[in-house]
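Written out below as structure tokens is the structure these notes cover.
The values are calculated or read from the model by the stated rules, or taken from the named source; none is laboratory data. Note that the structure is predicted; figures quoted are calculated from it, not measured. Cβ placement follows ideal geometry from the backbone for every residue including glycine, while neighbour counts extend to all protein chains displayed. All accessible areas refer to the heavy atoms of the entire protein, side chains included, with ligands and DNA or RNA removed. Shrake-Rupley method; radii C 1.70, N 1.55, O 1.52, S 1.80 Å.
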Amino acid sequence: MEGKKRPVKLSVHPSRGLVDEKFTVLVQNVPPGFQLTVHALHQCEDGHSWHAFGHYTADSTGAVNVAEDLSLGGTYSGVEQMGLLWSLRPVPGSKPGLRLRKMNVQTPMEVTVSVFRGHQTEGFEDQGPLVSVVVERWYMAPGVCRIPVTEGGLTATLFLPSASGLFPGILDLWGGGGRLVEYRAALLASRGFASLALDYMTPKISLETGQMVENEYFETAFRVLQQHPQVLSSRMAIVGLSLGSSVAFQLMIYSQVIKLRCAVCISGSHVQPAGGSVKQTLDYLSRNSGNTCFNEKNELICRDLVLPIPTDPKLKADVGQLRCPLLLVVGEDDQNWAVSESAVDMKQMMEQAGNSHLLTVLSYPNAGHLIEPPYSPHTRSSNFRSSVDNSFVVLKTLWGGETVEHSRAQEDAWRKILTFFRENLYGRGSALVSNL
Amino acid sequence: MMQQRHKMNMQVAVRRLGSAGGVLSVCHGPKIHTVLRRLSAKAQSPRPILSVAPIRALVDEKFKVSVENLPPAAPVTVHSLHQSEDQDCWEAYGHYISDHRGTVSVSEDLSFGGTYSGKEPMGLLWSMRPVPGSRFGLRLRKMDVCAPMLVNITVFSGHEGFREHAPLASVVTERWHVAPGVQRVEVTIEGMRGTLFIPPGLGAFPGVIDIWGGGGGLPEYRAALLASHGYATMALENFALDDLKGKNLDLNYFEMALDKLKNHPQVISDRVGVVGLSLGAIFLLYLTAESPTFKPQCCISICGSNILSNDGTLNGFYNSMFRNINKSRLDENNSLIWQDVGLEMLCDPTSLVDVGKINCPLLLVSGTDDQSWPTPKFADLMAQMMRSAGKEHLVTTLAYPDAGHLIEPPFSPHFRATAFKVGGNNKKVIMLWGGHTKPHADAQEDSWTKILTFLKQHLYSSH
């Protein structure tokens, strides 16, 4: 093939990164002042296509460095090193209400990064790019072991940082949507924590018996993790999101079995029957379902389900009894749970009980409910399998958040969560918790 | 402190009993776990955290290794271990002292001994050598480039006798020759094998022909790496030195390969260069100067020489090179030195190619401690020929002090002498390549950067 002009050079470092690592995208060999679009394309496991792009102008050396240069427009603007990932959105014409989640963590997420001539906003699939590279984003670091767990009737997956060595243990609980969601546990293992991802909404045992799990199920999961020969039994923690945080509050305060060095509760509320089971919590929320409403786009807003915050102590997990450090991550634009109000109430309860020195609240303006690992695309609303009047319905649910600020929250929260876990689980830590 | 020592002693006991990397429960039964975990439950002291970033990288990318949560001012050893495709174990290690926060940063801190010393961010790779007890004359080369090289990085307490202690922490890091999306395509030309590596995307790309030395076979790793840098690169099978003898074949095979690459739909035909090492470089220099059809955009010779084949056949090369084979000698370890065999040729213009006929940019890389061939002198001679032909602006000479013959991609271990097939009948001798480890590693790192810049300048940028 004859060459008429200089070929464009594109590189991304690292080309195989962990999901929470930054990358540097560098375009070279274009004419100085050349206008170009840097574009990212990802096809998710469901077969949907997601894309992001930024508009750049090459400098006097004929180069663009996404980490340092300004995007003049596109799906993100400004100096945004990771904008090509966090601003990913479904391509035009996609089905509404999509959410990007990697269910198979043993393979990487593949993103094709390309350079197009000019400042383009559409029609990328119809034109050939000037150059493309493939970037891999991994949830599992090399050496991390993935072990399905069915012991004790559990539906769970254990991730060990490596096949040998001793590690702290973290129980990982997602929200009311169910399924066995592994990616956060895999990433925690890649960062040195033995992590157990637990399905508690749709485990095999519930599908067989038609019954929701009781709190003993979580205690079994905790015990299985703690007793694993590679887990340090005195260095245990829980991380929960949404309903998973509710469960975490119950366990850390009322369980005789569960002793933690620390806990992280993301987008969670303590408002629920104190010491109750998941079913009791969901029933309580159902009884308040009159508080939900729909916005002009017909998106379900659930934040009022726990409002007003009750004064009756039987309706709140008694955080005044906590004996271990607690990190709360709160999105101030959470439209699904009233997490800001709950956090304020928890702080008051702990101040009254004298244990508020254990509490850290990370509160993010304009962040929504789904505070995920960094650089994950922001989902403002999506189709969600919800429990309404004791049955399950799929509804377009509003999670909230503005994309730029939500993405900053994800990046900042993850870094702080890892530091919190490192200090409490790898460091000296405080005394072992006793909840008697 | 007492508890920490207790726990570490238990870990040592467990480690001695069991296989490395095995899950404890599989090897040791429940009783030991109870004891271990009871000790662990009591232990309140911080646990070390070892991190390597990036954890997956191309082989020519640097990484940062750091350890946190150590006791302050603690002597520790950071160790690397790799099991090669031939099942040999290679290792490197550096002795460090943590700072007041209990942190060691291999990129920033000094190593006080081990297989490397001083501030050496990549010492854990380039200073690797076979573990004690290994066979002599080993060489580390990745033949399957589609799978990564796995390196275990471990931190131990102490300096002397660190191996007697249980590891404090360990991670596995991957080093890749191919970037994601690089395609590998097997090709044949005149019955000889080649492998084409194409960068991801539609292209078209600048191209490179890549030829190794007289060991024969088809090492793909440099070509794979070049493709990861945006060049459609074809690695060509080269003849083993022994195979040259008696062969009346000419170098037409290489000419056809260059043509084939230029005409590939994903290659920009007027942006194709060539790179060769040792015998590969000899062929490339000959063809670029003498062949009317072999016209690369640029030519890189790594430890090559401008040897002439009087009849253009492989046999002709053999005769030229080994006319003075009686000048070869053995060193104190019985390793074969061919340096003097080549020296004789420098004085005889009838055995040399006039590289002044070359019309493209030429990069000549050599090591001043090359014991297998006097390549720095050949490089000087070639530069002189270019100057005489008024082409000084085309030639760049890089002669690396104390580097040897096998100048490979960066962070590869250095091989001063390795087993090499010579003399027919699959007989292997130990060939002295020369070089001293640290300067050789520097040469590999620096020359690779300059090779990439040279290729980018002449294949991506110009015209």
Given the criteria under 22 Å from the mean Cα position of the chain (by Cα), open to solvent by 30 Å² or more (accessible area, probe 1.4 Å) and either within 14 Å of chain A (Cβ to nearest Cβ) or within 24 Å of B:H405 (Cβ to Cβ) (or both), does B:R175 qualify? no
Scan the range B:140-167 residue by residue and report those that are at the interface with chain A (Cβ under 10 Å from one of its Cβ atoms), among the aliphatic types (A, V, I, L, M) and open to solvent by 30 Å² or more (accessible area, probe 1.4 Å). B:L150
Name every residue in the range A:18-38 that is part of a strand (DSSP E or B) and open to solvent by less than 10 Å² (accessible area, probe 1.4 Å), in order of residue number. A:L18, A:V25, A:V27, A:L36, A:T37, A:V38
I'm told A:G240 meets every condition in (1) of a type outside the set (A, V, I, L, M, F, W, C); (2) under 30 Å from A:A163 (Cα atoms); (3) surrounded by fewer than 24 Cβ atoms within 10 Å (Cβ to Cβ) except one. Can you identify the failing condition by its number? (3)
Quick check on my filter: what residues within the range B:45-98 are of a type in the set (A, V, I, L, M), within 14 Å of chain A (Cβ to nearest Cβ), farther than 15 Å from B:P167 by Cα and part of a loop (DSSP other than H, G, I, E, B)? B:I55, B:V59
Do the conditions hold for B:L381, that is, is it over 20 Å from the mean Cα position of the chain (by Cα), in contact (Cβ under 8 Å) with a residue 60 or more places away in the chain and open to solvent by less than 10 Å² (accessible area, probe 1.4 Å)? no
Which members of the range B:438-463 meet the condition of being within 12 Å of B:G404 (Cβ to Cβ) and buried (at least 21 other Cβ atoms within 10 Å of the Cβ)? B:H440, B:A441, B:A443, B:Q444
Of those in the range B:235-284 that are within 14 Å of chain A (Cβ to nearest Cβ), part of a strand (DSSP E or B) and not hydrophobic (A, V, I, L, M, F, W, C), the residue surrounded by the most Cβ atoms within 10 Å (Cβ to Cβ) is B:R271
Of all the residues that make up the range A:212-236, how many are touching a residue at least 40 places away in the same chain (Cβ under 8 Å) and away from chain B (no Cβ under 14 Å)? 9
Within the range B:191-221, restricting to residues that are of a type in the set (A, V, I, L, M) and outside any loop (DSSP other than H, G, I, E, B), the one that is most open to solvent (accessible area, probe 1.4 Å) is B:M192
Picked from the range A:171-199 (must be under 13 Å from the mean Cα position of the chain (by Cα) and of a type in the set (D, E)), the residue surrounded by the fewest Cβ atoms within 10 Å (Cβ to Cβ) is A:E182
Kindly indicate which of A:G175, A:G192, A:G169 is assigned to a loop (DSSP other than H, G, I, E, B) and closer than 20 Å to A:P325 by Cα. A:G192
Pairs under 7 Å by beta carbon, first residue touching a residue at least 40 places away in the same chain (Cβ under 8 Å) and within 10 Å of B:T233 (Cβ to Cβ) in the range B:184-209, partner buried (at least 24 other Cβ atoms within 10 Å of the Cβ) and basic (K, R), six or more apart or different chains? B:P206/B:R271; B:G207/B:R271
Among the residues of the range A:142-194, write down those that are within 23 Å of A:K204 (Cβ to Cβ) and of a type in the set (S, T, N, Q). A:T150, A:T155, A:T157
Which of the following residues is modelled with pLDDT of 95 or more and assigned to a helix (DSSP H, G or I): B:L364, B:L452? B:L452
